[in-house]
Structures are given as C-alpha cells and as structure tokens.
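Beneath this line is the structure, given in structure tokens, with notes to follow.
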Amino acid sequence: MESVVWIILAAVLGLLSVAALAAAAAAALGGNAFAQFAIFAAVAVAGLALVRPLVRRQLQARLGPQHRFGVAALVGRQARVVQEVTGHAGRVRIGGEEWSARAYDETLVIPPGTTVDVIQIEGATALVYPRE
C-alpha cells in the first residue's frame, strides 16, 4: 500500500513540475507574474484532472469492492415475518437470526410468512417493507 502512496505523490509532484516548467516558459516569453501564476495553476489543475481518474481506478482495483459489516450488511436483505409486523412492533427472521421489527410505513400491517425487505436498522430493530 505504501508504494501506491509514493506513486501518487510522484505523480502529483511530477504534475507540479510540469506546471512550473510551463510557468517558466511563460516568464521566458515575457509574461507578467499574473500570467505566469495563471498558467501554473491551469496546467496543474488540468494535470490533476487527467491523472485523478487513473489513480482512482488503480486504488479501487487494489482495494477491491467495498463490503458492509455488522448491521449495515443487513440493509437490503430479505427477511421472513415470524410475528405480525406493524408500525410499532413485530418479529422477522433475517438469515438465521430473529430480530424485532417495525413496518417502514407505519400504516402497514404485515402478516406472518410474508417476505419483506430490510430498509433500515435502528438499534436492534429492523424497519421492513413488504416485497412486491
């Protein structure tokens, strides 16, 4: 991982050196200080805009897909209603575990046996919505 950081730093410093060379060329051609700085800034920003997508792609390839852990991993999963779920209470089975649950839409009453989607987790309670 450290090698990636050094490569990124080298790329940034390389881009800044190219921008500095462009500003030096502007100075050699008789450009004023404002023009020199403007050229330096424009070349530096353009270089970063070109390199950033490449670096980002490489980092994502190295790190792999982002995985959710803990209760965040339950959001989006299917569950089965074990005990009627209302806007106030109920029980669902998510995977092999039984969780307290509430209907995401508080006006719904979801009967036992219904397949639901876990929309959100609040503490130890799953907020669920019937699967269509």
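A few notes on this one:
- Length gained on full extension, Arg62 to Ala38, computed as 0.36 nm times the residue gap minus the Cα-Cα distance: 5.1 nm.
- Mean separation of Cα pairs under 8 Å and 6 or more residues apart, divided by the residue count, gives the chain a relative contact order of 16 percent.
- If both residues of a DSSP beta bridge must be in the chain, then about 80% of such bridges are antiparallel.
- Label-to-label distance for Gln78 and Gln120 is 2.5 nm, based on points extended 7 Å past Cα in the beta-carbon direction.
- Note on the chain: with charges restricted to the Cβ of Lys and Arg (+1) and Asp and Glu (-1), its dipole about the Cα centre is near 420 debye.
- Residue-averaged [θ]222 nm for the chain, counting only DSSP H segments that reach four residues, each worth -39500 (n - 2.57): -16000 deg cm²/dmol
- Cα-based radius of gyration for the chain, normalised by 2.2 N^0.38 Å, reads 1.96.
- Each residue, Glu97 and Leu13, gets one label point 7 Å from its Cα in the Cβ direction; the gap between the two is 4.7 nm.
- Note on region 74-110 and region 32-50: Cα centroid distance 57 Å, given to the nearest whole angstrom.
- Area accessible to solvent at Glu106, 1.4 Å probe radius, in Å²: 130
The values are calculated or read from the model by the stated rules, or taken from the named source; none is laboratory data. Everything numeric here is computed off the predicted structure, so don't read it as measured data. Neighbour counts are summed over all protein chains in view; Cβ atoms, including those assigned to glycine, are modelled from backbone coordinates with ideal geometry. All accessible areas refer to the heavy atoms of the entire protein, side chains included, with ligands and DNA or RNA removed. Shrake-Rupley method; radii C 1.70, N 1.55, O 1.52, S 1.80 Å.
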